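Some notes on the structure that comes next.
The values are calculated or read from the model by the stated rules, or taken from the named source; none is laboratory data. The structure presented is a predicted model; accordingly, all values stated were derived computationally and were not measured. Quick reminder, even Gly has a Cβ in these numbers, built from the backbone with ideal geometry, and neighbours come from all protein chains shown. What goes into the accessible areas is simple: the full protein's heavy atoms, side chains included, and nothing from ligands, DNA or RNA. Shrake-Rupley method; radii C 1.70, N 1.55, O 1.52, S 1.80 Å.
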Amino acid sequence: MLARARLSKGVQLSSSSFLSRRLASTKSLKETLQEVIPAKQEQLKRLKTEHGQAVVGDVKIENIIGGMRGLKAMLWDASVLDPNEGIRFHGLSIPDCQKVLPPAPGGKEIIAESMLWLLLTGQVPTPEQTRQLSRELAEKGELPAFVESLVDSLPTTLHPMTQLGIGVAALNRDSSFQAAYEMGMKKSEYWTHTLDDCINLIARLPVLAARIYRNVYKPGNPLPAINKDLDLVGNYSNLLGYGDNQSLTEYLRLYIALHGDHEGGNASAHTAHLVGSTLSDPYLSYSAALFALAGPLHGLANQEVLRWQLAMQKEIGNVISNENIRDYLWKTLKSGQVVPGYGHGVLRKPDPRFIALQEFCNTRPDLKDSHIIQLVNKTSEIAPDVLKEHGKTKNPYPNVDATSGCVLYHYGFTEFKYYTVIFGVSRALGALTQLVWARALGLPLERPKSYSMDALEKLVKQ
């Protein structure tokens with residue numbers, strides 16, 4: 001246990017403090033939050049009163065017309081994305097998280113419950129706390145009958161992400177926040193009802209997502225019952241029909257934990273935050289986020305990578321050589337296309353999530369021997385130099401999408417259109433926890449100022 005608790009250099013809290021916290025704490029998630037929130041509220045108050053007029057950056061015309069990239073304009077406390085070192089969750093890097101966050105019983109990889117606890121509280125949970133949370137999620141995982149009927153009535157030709165968004169929005173019928181708001185609850189109670197909705201939604205997402213999968217790809221196969229002794233992703237894998245494949249289940253655990261949060265500025269997280277700032281309940285807020293995630297420039301990327309890698313595999317055959325891969329990369333670029341899975345809106349180094357997934361592959365002989373995974377590995381070695389030579393990419397390094405879908409494909413999970421649904425189950429961890437904090441901190445309605453091109457030209461002249 002002491003070895004698992006050691007953290008790398010730069011982590012804010014010592015390993016001994018993490019370890020003592022893990023051993024000592026038996027508090028529930030809500031009890032832990034009740035302890036943490038007052039200090040965060042006081043920190044926000046100090047920031048507003050002592051530094052409210054401090055300047056933290058400039059706004060250029062290129063920011064306004066370039067998708068607001070790089071603007072420091074949003075509070076998101078769970079994670080910070082550094083261009084060079086990658087994501088940190090409350091100060092913990094991905095390797096740090098892999099050392100200290102409890103896995104599932106008998107497993108080795110981070111699980112959703114551990115990451116959810118960290119994102120929500122800033123603390124590392126004990127194994128007992130994660131098991132308690134797993135059981136709570138399992139007990140709350142069943143769908144209301146009307147949502148089952150609604151999802152079953154949707155045409156199987158409707159995109160799985162559209163079905164997921166519809167199902168999540170429909171769950172708002174049972175929103176604790178909406179009901180309490182209509183009864184006139186106090187603002188100080190907003191976060192508790194938001195938390196109730198968020199936990200219920202996270203609990204129900206695997207069942208909803210699996211029902212969509214079965215309806216579209218495995219019609220006639222009934223869903224198994226939720227196993228109260230399994231973690232969230234263990235149940236999700238079982239519901240999908242892959243429960244007997246422990247390697248795939250462990251991969252899904254890692255994938256979903258690592259995709260849980262990636263700062264607040266990405267399209268899906270920002271959409272959840274924006275809609276939530278209107279005091280829409282978490283179901284409506286996250287359904288909007290899912291439709292942002294469904295866009296080709298956001299959550300569909302791993303599908304595009306897999307299609308591209310399979311097309312390369314078909315063209316070059318079974319002989320994987322540097323020359324063949326380099327030629328195919330240049331063929332892609334000269335045709336006016338981008339190389340999918342490379343580059344990132346913020347990162348300027350290889351994505352630590354990509355590295356973590358590749359390390360997972362390297363520990364399993366079946367993945368090391370997989371032709372598609374070997375192709376991914378070799379491409380990741382060659383592509384950066386080609387992209388640098390091409391000269392039009394700020395970040396020529398692989399991101400997480402360069403490998404995530406290819407691993408699913410190796411395990412026989414070949415329904416491309418469904419991959420983004422798995423991403424949708426994952427991204428709820430970060431987006432929903434920050435809705436709780438937005439309500440706890442009393443964050444206001446988001447309302448940036450917009451300008452016309454004429455108005456911008458007038459500003460420039462002034």
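Taking the numbered list (1) touching a His at 6+ places or on another chain (Cβ under 6 Å); (2) free of Cβ contacts under 8 Å to residues at least 24 places away in the same chain in turn, Thr414 passes all entries but (1). Hey, does region 168-178 have a residue that's acidic (Asp, Glu), within 30 Å of Phe416 (Cβ to Cβ) and open to solvent by 50 Å² or more (accessible area, probe 1.4 Å)? No, there is no match, as no residue in region 168-178 is acidic (Asp, Glu), within 30 Å of Phe416 (Cβ to Cβ) and open to solvent by 50 Å² or more (accessible area, probe 1.4 Å).
Given the condition within 24 Å of Gln163 (Cβ to Cβ), surrounded by 18 or more Cβ atoms within 10 Å (Cβ to Cβ), at pLDDT 95 or above and of a type in the set (Phe, Trp, Tyr), answer yes or no: does some residue in region 191-203 qualify?
No - not one qualifying residue is present in region 191-203.
Applying the set (1) assigned to a loop (DSSP other than H, G, I, E, B); (2) touching an Asp or Glu at 6+ places or on another chain (Cβ under 9 Å); (3) without any contact (Cβ under 8 Å) to a residue 12 or more places away in the chain to Asn324 leaves exactly one unmet item: (1). Does Tyr213 qualify as being over 14 Å from Met161 (Cβ atoms) and open to solvent by less than 30 Å² (accessible area, probe 1.4 Å)? In short, no. Selection of region 187-227 for residues being in a loop (DSSP other than H, G, I, E, B), touching a residue at least 40 places away in the same chain (Cβ under 8 Å) and not aliphatic (A, V, I, L, M) yields Pro219, Asn227.
What do you reckon, is Ser450 exposed (fewer than 12 other Cβ atoms within 10 Å of the Cβ) and either outside any helix (DSSP H, G or I) or touching a helix residue (DSSP H, G or I) at 6+ places or on another chain (Cβ under 9 Å) (or both)? Yes; evaluated as a whole, the condition is true for this residue.
Just one of the numbered conditions (1) crowded, with 24+ Cβ neighbours inside 10 Å; (2) assigned to a loop (DSSP other than H, G, I, E, B); (3) of a type in the set (Ser, Thr, Tyr) is not true of Tyr286: (2). Looking at region 145-186, the helices (runs of 4 or more DSSP H) lying wholly inside it that each contain 3 or more residues that are over 25 Å from the mean Cα position of the chain (by Cα) sit at 145-153, 176-182. Of the residues making up region 237-265, just one is within 17 Å of Ala209 (Cα to Cα), in a loop (DSSP other than H, G, I, E, B) and open to solvent by 40 Å² or more (accessible area, probe 1.4 Å), namely Gly241.
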